[in-house]
Amino acid sequence: MSEGQITVNVRPVEDADLDAFFTQLRDPEAASLAGDTFEDPNERQAFNAHWRHLRADETADVRTIEIDDDDERRVVGHIRGRPESDEHRVSFWIDRAYWGRGITTRALGAFLQEIPHRPVIARVPRHNEAAVVVLRRNGFHLVGDETGYAPDRGRVVDELVLRHN
């Protein structure tokens, strides 16, 4: 997919992508908008174990978001879908330097075309308005909201729940 000079690619995750993901996940401003993060974002061993487990999970769909910008390829984020309880859940992360350029919207659209699972559910913190816009542009609609203690975050999280059929 391309818009102007930038092409957005969604491809399988490669080992070399993990360094970029680790750097991106350590951005405190971006982490403040995320629904799920690591307790200690500087803990590389926990990060590596998480990604090893995720990539080994045959039920998970995990992709790298990569752009081609003036013939230079850059890993700018990731997107994943996997079954959780009775739903197939999607989440995504994009490097803050690329926010507001339509990259995540296009990557999510491509990802949804690849995966056969329906419905797909997204849970996002209520204050992450940009993520809600990305989801709505890809056909998600609001189905509810939930507030509860998230043990992995160590605090109460207020989320919107969106669904794609």
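Quick look at the numbers
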quantity	calculated
Nearest-10 value in Å² for the accessible area of V90, using the 1.4 Å probe	10 Å²
Per residue value of the accessible surface for the chain (all protein chains in place, 1.4 Å probe), Å²	55 Å²
From the C-alpha gyration tensor of the chain, square roots of 5λ in Å	23, 20, 16
Protein accessible area in the chain, 1.4 Å probe - carbon and sulfur %	45 percent
Nearest-20 debye value, the chain charge dipole, Cβ charges on Lys, Arg, Asp, Glu	420 debye
For H50, solvent-accessible area (1.4 Å; no DNA, RNA or ligand), Å²	60 Å²
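The values are calculated or read from the model by the stated rules, or taken from the named source; none is laboratory data. Predicted, not measured: the structure shown is a model, and the values here were computed from it. Because the Cβ atoms are built from the backbone with ideal geometry, glycine has one as well, and the counts that use them run over all protein chains shown. Only protein heavy atoms, including side chains, enter the accessible area calculation; ligands, DNA and RNA are left aside. Shrake-Rupley method; radii C 1.70, N 1.55, O 1.52, S 1.80 Å.
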